[in-house]
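The structure under discussion appears below in the form of structure tokens.
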């Protein structure tokens, strides 16, 4: 079902939801009247469901054991057969059938169990068995309510189809949609695989500030907030880059950070204003080393999470196994548009090409910025990849080292897959004089109205004056990587709580909030 598909509840369904909530609130009152707390403080389980399934995977149909377990989870399915009730209990590791017999628990306990609702959290005690059909089960000796579910779960057949509801109420989406649980299992495994990969190679996991005094680290519009104690505006970080390179100056040599960054830009299928990146820096390396690192990291994460390096992109199978081809930005433009442009060309010539291609530009843009715009507007979207697009214009790369043979381009690459940037990396600029000049050029652009241009970070220049060794750095968007590994076309599908417009809630307390 596409991201655009919507299946809003009908008026009758909304009425039913309110009725169900009232009935379940009544059950809460009944439990309390009986001296039972419907929201107790804790429960001592001794197994996860996956533990039980692994231990008794070979139990034959009809076999019973005397092995006692205490499990906890949510009731997701119930069916009664006279003196027997069957239910499915789910925890974070999986599901298992519950077998409740009147002959074991008694009439009152069976009736109390039958009074449970789908979605209720319960703790159970019992012995492990296999049903006559071979279904691994727990024969209950007793149970207790751990949290009463007051709202009805979405219909099992219809599921939760409304996209807006899925993103706003991810807690319900995770309960009823197996695909959603799969996506986030891939995400969590991917991040763990990254951490292990970096740790095995001697990188230190570090933390750098989220609030910064200087706009910098990447070209993007920042979020601005006010720091009351100092009575000054500060920025939510665009990228951790400048702090991580300070740590290389300090001698840590190999560092990485996985964390949130913030960019005050549009929201669409590929962009969310807060997203997750991994950035790493390696002393004595350059952008060639970073290409090797990036392709090895991406392929490793793919194998660890989905079991293969092959993924489907736009109906075509591509392989994330190394090595990836290297293509210059100028060559890609020439191949796609049959025109040759380069940052070293006179600006009038590149403007003429822009006019020919019917692209707009600003008078203050140089040849490098113009070339970057041609690539960004007309070329990148059609690059299937994986490919390293190398040798970007110096004008749009204020933190990258110029190539030895051509100062108009820098030792920088972007990893492009499915027409989107997955990773960005440089041979890091470590000449403090050159860096100051580039910061000053950015500051002039900012003064002329470029909201994405950064400030002059004098402390970072001072750090460079203490000496930054040759260094390679790379930043990779984790959300986009998860989209690639799970085949999702919207970034909202891979972020647990994506940014949405504010929700309007009902005013009357008797109505379910948000319906």
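The values are calculated or read from the model by the stated rules, or taken from the named source; none is laboratory data. This one's a predicted model, so the numbers in the text were calculated from it and none came from an experiment. Here the Cβ positions follow ideal geometry from the backbone for every residue, glycine too, while neighbour counts run over all protein chains shown.
Screening residue 447 with (1) modelled with pLDDT of 95 or more; (2) at negative phi gives one miss only, at (1). Checking the stated criteria, residue 142 turns out to be touching a helix residue (DSSP H, G or I) at 6+ places or on another chain (Cβ under 8 Å), part of a strand (DSSP E or B) and surrounded by fewer than 17 Cβ atoms within 10 Å (Cβ to Cβ).
Restricting attention to segment 247-262, the residues being buried (at least 19 other Cβ atoms within 10 Å of the Cβ) and without any contact (Cβ under 8 Å) to a residue 24 or more places away in the chain number 0.
Quick one: would you say residue 396 is at pLDDT 95 or above and either crowded, with 18+ Cβ neighbours inside 10 Å or closer than 30 Å to residue 301 by Cβ (or both)? Here the answer is no, as residue 396 does not meet what is asked. When you look at residue 118, is it touching a strand residue (DSSP E or B) at 6+ places or on another chain (Cβ under 9 Å) and closer than 27 Å to residue 58 by Cα, yes or no? For residue 118, the condition - touching a strand residue (DSSP E or B) at 6+ places or on another chain (Cβ under 9 Å) and closer than 27 Å to residue 58 by Cα - is not met. Assess whether residue 444 counts as being in the same structural domain as residue 312 (by TED's automatic domain parsing) and within 34 Å of the chain's Cα centre (by Cα). The answer is no for residue 444.
Of the residues in segment 347-361, not one is free of Cβ contacts under 8 Å to residues at least 40 places away in the same chain, assigned by TED's automatic domain parsing to the domain that holds residue 290, surrounded by fewer than 19 Cβ atoms within 10 Å (Cβ to Cβ) and in a loop (DSSP other than H, G, I, E, B). You will find that of 45, 79, the residue that is within 18 Å of residue 117 (Cβ to Cβ) and touching a strand residue (DSSP E or B) at 6+ places or on another chain (Cβ under 7 Å) is 79 and no other. Per this entry, residue 207 is not counted among residues that are without any contact (Cβ under 8 Å) to a residue 60 or more places away in the chain, out of contact with any strand residue (DSSP E or B) (no Cβ under 9 Å at 6 or more places or on another chain), in the same structural domain as residue 460 (by TED's automatic domain parsing) and more than 30 Å from residue 74 (Cβ to Cβ).
Within segment 228-246, the residues that satisfy the criterion of being surrounded by fewer than 20 Cβ atoms within 10 Å (Cβ to Cβ) and in contact with a strand residue (DSSP E or B) (Cβ under 7 Å, 6 or more places away or on another chain) are 233, 234, 236. Do you know which residues across segment 269-298 are buried (at least 19 other Cβ atoms within 10 Å of the Cβ) and in a helix (DSSP H, G or I)? Within segment 269-298, 287, 290, 291, 293, 294, 295, 297, 298 meet the criteria. For residue 161, indicate whether it is surrounded by 13 or more Cβ atoms within 10 Å (Cβ to Cβ), part of a helix (DSSP H, G or I) and in contact (Cβ under 8 Å) with a residue 12 or more places away in the chain. No.
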